[in-house]
1. Taking beta carbons within 10 Å but only from partner chains, what does the mean come to for residues A:28-41?
2. Principal axis extents for the stretch A:102-190, Cα atoms only, whole Å, descending order, please.
3. Tell me whether chain A comes out rounded, prolate or oblate; compute the Cα gyration tensor, take square roots of the eigenvalues as a ≥ b ≥ c, and use a/c under 1.5 as the rounded threshold.
4. Checking the a/c ratio against 1.5 first, then a/b against b/c, what shape does the Cα gyration tensor give for the stretch B:3-50?
5. Can you bin every Cα-Cα distance in the stretch A:3-90 into 10 Å intervals starting at zero and give me the percent of pairs per bin, rounded to whole numbers?
6. Modelling each spin label as a point 7 Å along the Cα-to-Cβ direction, I'd like the B:A57/B:R159 distance in nm, to one decimal.
7. When you look at the Cβ of every residue in B:42-48, what mean number of other chain Cβ atoms sits within 10 Å?
8. Partner chain Cβ atoms within 10 Å, averaged over the residues of A:54-66 - can you pull that number for me?
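Nothing in this text is a laboratory measurement; each read-out follows from the coordinates by a stated rule. Note that the structure is a prediction, hence the values are computed from the model and not measured. Here the Cβ positions follow ideal geometry from the backbone for every residue, glycine too, while neighbour counts run over all protein chains shown.
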Amino acid sequence: MEAAQVEDESLVRETLAGSQASFQLLVERYQERIFSLARHYTRNAVDVEDLVQDTFLKAFSRLDTFQGQSSFFTWLYRIAVNTILDGIKRRGRSPVNIVEDPEAVAAPGSTRVSGPSAGMERDEIARITHAVLGELPEIFRAVLVMREFEDLSYQQIADVLGISIGTVESRLFRARARFKDKLLQRHPEFGEE
Amino acid sequence: MECNQAQPLIPSYLDGELSEAQAAPLRRHLLDCQPCRAGAQSEKNMKRWFSATNAVAVPKGFAARVARRAFAGDTGEPRLEPSLTFVPAVAAALPGAATEASEDRALRFVLQVTAAAALIVIALSLGLRGLSLPSGTSLSATDGRAEIGVQKALERLDRMNQEEAAKAPAATSKTVEIQRP
């Protein structure tokens with residue numbers, strides 16, 4: 001078991017014993033990653049803060065159910081994903097709902113896209129990427145965000161979403177293909193022969 | 001390794017998810033196969049769209065604030081029924097737990113009760129208004145009945161006046177004159 005995980009579990013135990021300071025340390029340890037995750041779902045700073053706060057509050061109220069079978073981060077991240085998706089739906093700001101069975105989508109073609117042009121500013125790249133992500137079904141957006149932005153391993157994504165590694169692979173494959181298609185619909189200039 | 005074996009492995013390879021035993025033959029294949037190499041390059045290009053992220057700005061004092069709320073009993077659940085909020089045992093057992101979150105919940109509760117009362121009043125007034133305003137055909141029927149009733153009353157009063165006049169001709173000046181509609 002990694003040192004960070006041991007420390008997390010120790011902080012969890014101290015929190016359950018009534019230490020507010022230990023819970024504050026847990027929040028400080030993961031707040032940046034949860035903020036980063038939430039930011040991919042809404043650009044509204046107030047909404048982001050509310051969603052992250054709700055994530056930690058829910059985690060606290062369920063802390064006694066944390067068994068240590070997965071890492072604290074994976075357990076927290078799962079709560080975060082569910083809280084963020086529920087929160088976005090409740091606010092009616094989800095741009096895309098699942099209207100199809102993603103696993104049943106036909107295998108994507110061999111669409112190829114170029115990377116961003118050398119002269120493009122970071123903000124411009126981020127704006128295009130988020131606009132394209134916003135058009136993807138939630139289930140595809142989630143795996144792309146976790147893999148590409150948050151750098152989660154296939155195993156971590158599988159644990160968070162409660163699916164197999166094989167499903168993670170196939171979902172990522174389709175998500176990337178869909179991302180390319182949507183990117184080219186908006187910006188045909190980024191197509192490659 | 002053949003192209004049809006190599007291509008499905010490329011995304012996992014670029015994600016760093018292949019073992020060395022799987023990655024080594026793929027690397028050899030990519031060195032030899034230009035189309036697969038171009039495919040791998042395209043996948044790498046695609047990843048560059050996800051590289052532009054700005055640093056996350058966590059609000060100052062966020063962790064302390066959240067910890068305080070958590071220990072005050074705020075569970076982060078949707079705040080539709082604050083009176084039913086679950087308070088974890090660890091928080092409930094602590095002294096001085098009534099803090100910021102409790103006050104927020106109380107304020108929210110008052111606001112929600114006020115809003116609910118206002119809605120009920122509006123609904124009741126609309127409902128009563130609907131009852132007292134008959135629609136379409138029933139309106140004319142009611143008016144018709146009312147008209148017939150008034151007519152009969154006037155006729156009756158006329159008869160009473162005439163009877164009164166017949167009994168006491170001197171008292172004619174007291175006859176009640178009624179303006180017909």
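1. Taking the mean over all residues of the peptide, I get 3.
2. Computed over the stretch A:102-190, the largest-to-smallest principal extents equal 39, 27, 18 Å.
3. prolate
4. oblate
5. Over the stretch A:3-90, the share of Cα pairs per 10 Å bin runs 18, 52, 26, 5 percent.
6. A separation of 9.0 nm, rounded to one decimal place.
7. Average neighbour count from other chains, rounded to a whole number: 6.
8. Whole-number average of other-chain Cβ neighbours for A:54-66 is 5.
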